[in-house]
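Reviewing the structure listed below.
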Amino acid sequence: MGFIAVIKKYNRSFWTSNTIELFERWAWYGFYLAFPLFLVGSTDTGALGFSNAEKGAIMGTGSALLYFLPVITGAIADKVGYKKILLLAFAIYASGFYMINVLDGYFLVYMAFIWTCVGGAFFKPIISAMIAKTTNEETSSIGFGIFYMMINIGGFIGPFIAGALLKLSWAWVFYMSIAAIGINVLLTLFFFREPGRDKDGSSLLQNIIQAFKNIWITLQNWKYVLFLVIMILFWTAFNQLYYSFPIFVDHWIDTSVVYNGLHAVWPWLAETIGENGTISAVSMTSMDSFFIIVFQLMVSAFVMRFRPLAAMMGGILVLAGGLGLMFSTQSGWMILLGVLIFALGEMGSSPKFTEYVGKIAPADQKALYMGTSFLPIAAAHKLAGWLSGDLYEGISDKYALLQKEVTRRGMDFPVEFSDTFTKNDFFTQAADRLNMNQTELTNYLWQNYHPSNIWMLFSGIAVAAVVFLWLYDRFVIGGK
């Protein structure tokens, strides 16, 4: 059957679900890629001025819950109804974005983010289930390809616009996410149709208990558990795109060369997303999704000839190279090349992860296995948050390294940052006392404290995942 013929087979519920997914990803990633900068940025910019450890704890805990809770929220949606749960998810989302914007203090922001992630956990299982329900064996391959494309279109547009809105204020980023969620409320109310649900007579509590029993059933397979544990390493390295990379770019990278290159080709776009002749870290990070939109079909066509596990190993190895480039240079163009390589590795490995889980699952337990495939992602978010906390701060945080330098020189500065003595105040005053401008001080810290060494940790974790997958392939499953 031809592509056009397949497209004509999709009903309104399919296209509505995909559109809802696009705007949800727009709202989520537009906020999420900017979130680490909002947490640790200097308070005189409207950010919160938290430490990297506080940032890691907030993002790691909330994001882990986002990927773990669907085992419960999916059971609730099946029992209560998709439309009601969608509206509940959007209400939690919008209120969460609002609270993160207006609340102050570590605990309040921590709880507001967890609340927002609960909204995401209610949303996450519904749309993928809708795609499954509105496709069949004939249309599912292209259907899920369209679904993945919608995810990345939203994942590109949201952060790209957020990077431009940061010129106005942080609040506008949250307003954008709330507006995107508002569009989804209208789509759900007027266009979303409730799918048919199996009514087995069980209670909501019984559904939730059964969901946990299903997890236990799949975890009896020790080979599968070993595979999931190895994949924690991959997802931990992968998540540094969100946890550490925006901060690394913001602290160390001169993106003016990228701005100038873009301005020479498309002045309006450069001036729209750029500020003071630079491109924001959020916009730079969003290029991962842009590259996926452009190259996914080509990469998928290339890797389809390989076994899923072999494709995963190759993809993760490429991703490790991308991470190395992303965290080892101050060149804006080399950073973009690193993001491209990272994206190519992601395209080769991430979809194959899902394919492999489906392939090794027993015929009568495929849904159970797919339901547990989120567990390593949840665990990896928690681990990624920890790595991007004190460990990242000690190796690569610009302000922490400057603190080491001024302490070495015996200079006195306030011990803690506050509204009256911000991170930007610290950097400005230190530069003046060291007789440097801010660019010179940044380069001095780069050359003497080597913050780029963090690439060895992040790339090393990804390479370790490849090594363990090779051992698993060779000695546990025998190359099957």
Residues in the stretch 239-297 that are over 22 Å from VAL173 (Cα atoms) and under 17 Å from the mean Cα position of the chain (by Cα) total 3
Collect the residues in the stretch 1-40 that are polar (S, T, N, Q) and open to solvent by 10 Å² or more (accessible area, probe 1.4 Å), keeping them in residue-number order.
-> ASN11, SER13, THR16, THR19
Qualifying residue in the stretch 204-219 (condition: surrounded by 10 or more Cβ atoms within 10 Å (Cβ to Cβ), modelled with pLDDT of 90 or more, under 26 Å from the mean Cα position of the chain (by Cα) and under 30 Å from ASP473 (Cβ atoms)) = no
The stretch 414-428 - residue that is more than 29 Å from the chain's Cα centre (by Cα) and among the charged types (D, E, K, R) and, of those, nearest to LEU48 (Cα to Cα) | ASP419
Which of the following residues is of a type in the set (Gly, Ala, Ser), in contact with a Gly (Cβ under 7 Å, 6 or more places away or on another chain) and within 30 Å of GLY81 (Cβ to Cβ): GLY196, GLY154, GLY158?
-> GLY158
All-but-one check, PHE192 against (1) part of a helix (DSSP H, G or I); (2) touching a residue at least 24 places away in the same chain (Cβ under 8 Å); (3) touching a Leu at 6+ places or on another chain (Cβ under 8 Å), failing number (1)
Hey, does the stretch 258-271 have a residue that's open to solvent by less than 20 Å² (accessible area, probe 1.4 Å), under 23 Å from GLY41 (Cβ atoms) and either touching an Asp or Glu at 6+ places or on another chain (Cβ under 7 Å) or outside any helix (DSSP H, G or I) (or both)?
-> no
Please tell me if THR285 is buried (at least 19 other Cβ atoms within 10 Å of the Cβ), among the hydroxyl-bearing types (Ser, Thr, Tyr) and within 30 Å of LYS352 (Cα to Cα).
-> yes
Assuming ASP412 fulfils every condition listed in (1) more than 30 Å from LEU233 (Cα to Cα); (2) modelled with pLDDT of 95 or more; (3) in contact with a helix residue (DSSP H, G or I) (Cβ under 9 Å, 6 or more places away or on another chain) apart from one, which condition is it?
-> (2)
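Return the residues of the stretch 318-353 that are of a type outside the set (A, V, I, L, M), over 27 Å from GLU440 (Cβ atoms) and open to solvent by 20 Å² or more (accessible area, probe 1.4 Å); say none if nothing qualifies.
Correct list: GLY321, SER350, PRO351.
Each row is one residue, and each column tells you yes or no for (1) open to solvent by 50 Å² or more (accessible area, probe 1.4 Å); (2) touching a strand residue (DSSP E or B) at 6+ places or on another chain (Cβ under 6 Å); (3) farther than 26 Å from ILE292 by Cβ; (4) of a type outside the set (Val, Ile, Thr).
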| position | (1), (2), (3), (4) |
| --- | --- |
| MET111 | yes, no, yes, yes |
| LYS133 | yes, no, no, yes |
| GLU138 | yes, no, no, yes |
| PHE144 | yes, no, no, yes |
| PHE147 | no, no, no, yes |
| PRO159 | no, no, no, yes |
| ILE181 | no, no, no, no |
List the pairs whose first member sits in the stretch 161-178 and is within 12 Å of SER286 (Cβ to Cβ), whose second member is part of a helix (DSSP H, G or I) and among the small types (Gly, Ala, Ser), and whose Cβ atoms are under 7 Å apart, counting only residues at least 6 apart or on separate chains?
-> ILE161/GLY30; ALA162/GLY30; GLY163/SER283; GLY163/SER286
Pairing a residue in the stretch 98-118 that is in contact (Cβ under 8 Å) with a residue 40 or more places away in the chain and under 16 Å from ALA57 (Cα atoms) with any residue that is open to solvent by 30 Å² or more (accessible area, probe 1.4 Å) and part of a helix (DSSP H, G or I), where Cβ atoms lie under 6 Å and the two sit 6 or more apart in sequence or on different chains, gives TYR106/GLU54; CYS117/LEU65
So which residues in the stretch 272-296 are in a helix (DSSP H, G or I), among the aliphatic types (A, V, I, L, M) and under 20 Å from THR442 (Cβ atoms), if there are any at all?
-> ALA281, VAL282, MET284
Just give me the residues in the stretch 333-349 being within 24 Å of TYR259 (Cα to Cα) and either free of Cβ contacts under 8 Å to residues at least 40 places away in the same chain or in contact with a Phe, Trp or Tyr (Cβ under 8 Å, 6 or more places away or on another chain) (or both), in sequence order.
-> MET334, LEU337, GLY338, VAL339, LEU340, ILE341, ALA343, LEU344
Restrict the check to the stretch 231-241 and report whether at least one residue is crowded, with 23+ Cβ neighbours inside 10 Å and not in a helix (DSSP H, G or I).
-> yes
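The values are calculated or read from the model by the stated rules, or taken from the named source; none is laboratory data. The model shown is predicted, which means the values in this text are computed figures rather than measured ones. Glycine also receives a Cβ, built like all others from the backbone with ideal geometry; neighbour counts cover every protein chain displayed. Ligands, DNA and RNA are stripped out before the accessible areas are found, and what is left, the full protein with its side chains, is counted by its heavy atoms. Shrake-Rupley method; radii C 1.70, N 1.55, O 1.52, S 1.80 Å.
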